[in-house]
Every structure is written in structure tokens, then in C-alpha cells.
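Chemist: Submitted below is the structure of interest, expressed as C-alpha cells.
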Amino acid sequence: MRSAQVPLKKSDIRLNQMDQGAILYNPRTEEVHLLNPAAFLVWECCTGAFTLADITRLLGSIYGKREDLSSEVQVIVDQFAEKAMIELVRRH
């Protein structure tokens, strides 16, 4: 069985949930990030339990989208990683 990379939130990122998304604060960089509802859903899935394919399927089912959302999910996860808010870990 092959291992897959899964996104895992960094434990020190602070979350402030709002009606239309969320605000994340990274104390290491002192940056604030505003997330729309879709990006917030991706953030909530960054637990180390879900692959990008899992997150893509969930997002598609919640929003009733038939098209492939994998590139959008990849962009969001890449941005989280670039901003040092998640790490990609191997799940076996």
C-alpha cells in the first residue's frame, strides 16, 4: 500500500470563525489571513486524516459541483503550506 501526503494544521495557528469564513493568525510570521467559506472548509480538513482527493470530494459534495475541484483545493493547500500554516505529512 502506498502512503499519501495529507495536510496537517500547525498547532499554533489561531482561528477566529466568522459568518462568511474565518480569519487565521500565524504568530510566527504575525500574518493574518482571511478565508472564504470554501477555504475555511479546506482548513478544517487539514487534520492529517484527509488526502487532497478526500477534501476535493467533500468540497464538491457540499457545494454540489460536478466539475473537478482538485486544482482549486491544491492551490488553497499550497498557499497554506507557503504561509507555514500547515505541513504535508505521510499517512500510511
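Chemist: Tell me, what is the 1.4 Å probe accessible area of residue 9, in Å² to the nearest 10?
Modeler: 60
Chemist: What figure in square angstrom, to the nearest 10, would you give for the accessible area of residue 88 with a 1.4 Å probe?
Modeler: Near enough 80 Å² of accessible area.
Chemist: Tell me what the chain gives for mean residue ellipticity at 222 nm when only DSSP H runs of n ≥ 4 count, each as -39,500 (n - 2.57), the sum divided by the residue total, rounded to 500 deg cm²/dmol. Before the final figure, lay out each step's value.
Modeler: Details: 3 runs with 33 residues, N = 92.
Mean residue ellipticity, 222 nm, calculated: -11000 deg cm²/dmol.
Chemist: Under the rule a/c < 1.5 gives rounded, and otherwise a/b versus b/c splits prolate from oblate, where does segment 9-59 land using the Cα gyration tensor? Before the final figure, lay out the partial values.
Modeler: Working: a/c = 2.75, a/b = 1.43, b/c = 1.93.
It is oblate, given that a/c is not under 1.5 and a/b is not larger than b/c.
Chemist: What span do the alpha-carbon atoms of the chain cover on each of the three principal axes, reported in whole Å from largest to smallest?
Modeler: Extents along the principal axes, in whole Å: 37, 31, 17.
Chemist: Within the set of other residues whose C-beta is less than 13 Å from the C-beta of residue 65, count the net charge using Lys and Arg as +1 and Asp and Glu as -1.
Modeler: On the way: positive: 57, 66; negative: 67, 68, 72.
Summing Lys and Arg as +1 and Asp and Glu as -1 gives -1.
Chemist: Suppose accessible area is computed on protein heavy atoms with a 1.4 Å probe; arrange 23, 76 from highest to lowest.
Modeler: Numbers: 23 50, 76 30 Å².
The ordering from most to least exposed comes out as 23, 76.
Chemist: Probe 1.4 Å, all protein chains in place: accessible area of residue 11 in Å², nearest 10?
Modeler: 120
Chemist: Take 31, 72 and sort them by solvent-accessible surface of the protein heavy atoms, 1.4 Å probe, largest at the top. Display every interim value, and only then the final one.
Modeler: Details: 31 65, 72 90 Å².
The ordering from most to least exposed comes out as 72, 31.
Chemist: Could you rank 18, 85 by how accessible they are, 1.4 Å probe, largest area first? Working shown, then result.
Modeler: Values: 18 75, 85 5 Å².
Largest to smallest exposure gives the sequence 18, 85.
Chemist: Also: Using amide H atoms built 1.01 Å from N in the peptide plane, name the residues 5+ places from residue 51, or on other chains, whose amide H lies under 5 Å from its own.
Modeler: none
The values are calculated or read from the model by the stated rules, or taken from the named source; none is laboratory data. The model shown is predicted, which means the values in this text are computed figures rather than measured ones. For neighbour counting, all protein chains shown are included, and Cβ atoms are generated from backbone atoms with ideal geometry for every residue, glycine included. SASA here: full protein model, heavy atoms, side chains in, ligands and nucleic acids out. Shrake-Rupley method; radii C 1.70, N 1.55, O 1.52, S 1.80 Å.
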